[in-house]
Amino acid sequence: MVDYIRSRIEFFAQVAQKAKSLFIFETNCERATIFFNETKLQRIIDNNLTNAIKYTFENENIIVSLKKEEERYLFCIASHSRKIQKPEKIFEEYYREEKSKRWIWTRSKSC
């Protein structure tokens, strides 16, 4: 898990920099082995990293941690952002607290 999380952070590091954020990875273990579907694990980690990038205030760090406490591992992503208004709904598919922005499409005349 440690190397896997590092690789996903590296993958999104440039995107975070463009959003004026920086990832900081903290761990107290060299190795953490889990048995999990890799595709689903990537989806979970990537979704949380991209949400952190989107919602973290500018010039704030995003702390990603994997800690071993007794016989379990705790994975956490934390940043300074607006408070989640309805945390009980975050696992509902397609749930968003923010309304999607309306896009105005215009056509330009061809020459």
**Request:** Under 25 Å between C-alpha atoms is the cut-off here; go through the stretch 2-89 and count lysine pairs that meet it, provided they're at least eight residues apart or on different chains.
**Result:** 14
**Message:** Output needed: percent of Cα pairs per 10 Å distance bin for the stretch 2-89, bins running from 0 to the one holding the longest distance.
**Reply:** 16, 48, 32, 5
**Message:** From Cα pairs below 8 angstrom and at least 6 apart in sequence, can you work out the relative contact order of the chain, rounded to a whole percent?
**Reply:** 24 percent
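Once you list every other residue whose beta carbon is under 15 Å from the beta carbon of F11, what net charge do they have if Lys and Arg are +1 and Asp and Glu are -1?
Local net charge: 0.
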**Asked** Does anyone have the angle between helix 2-18 and the longest principal axis of the chain? Alpha-carbon axes, 0 to 90°, nearest 10?
**Response** 30 degrees
**Complete:** Relative to the chain, whose Cα atoms define the longest principal axis, helix 38-55 and its Cα axis are tilted in degrees, nearest 10, by 60 degrees
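Find, among the chymotrypsin sites (Phe, Trp or Tyr not before Pro) in the stretch 4-35, those assigned to loop by DSSP (not H, G, I, E, B) with at most 11 other beta-carbon atoms within 10 angstrom.
Numbers: sites: Y4, F11, F12, F23, F25, F35; in loops: F35.
Passing sites in the stretch 4-35 are F35.
Rank the residues L49, L22, L66 as a footprinting-exposure proxy: fewest other Cβ atoms within 10 Å of their Cβ go first. Write down the numbers at each step before the final one.
Working: L49 22, L22 14, L66 19.
The most exposed by this proxy come first: L22, L66, L49.
With +1 on each Lys and Arg Cβ and -1 on each Asp and Glu Cβ, how big is the dipole of the chain about its Cα centre, in debye rounded to the nearest 20? Present the calculation step by step, with values, prior to reporting the outcome.
Numbers: 21 positive and 16 negative charges, 181 e Å.
I would put it at about 860 debye.
Bear in mind these aren't lab numbers, they're just calculated from the coordinates by the rules spelled out. Because the structure is predicted, anything quoted here is derived from the model rather than measured. Note: ideal-geometry Cβ built from the backbone for every residue, glycine included; neighbour counts use all protein chains shown.
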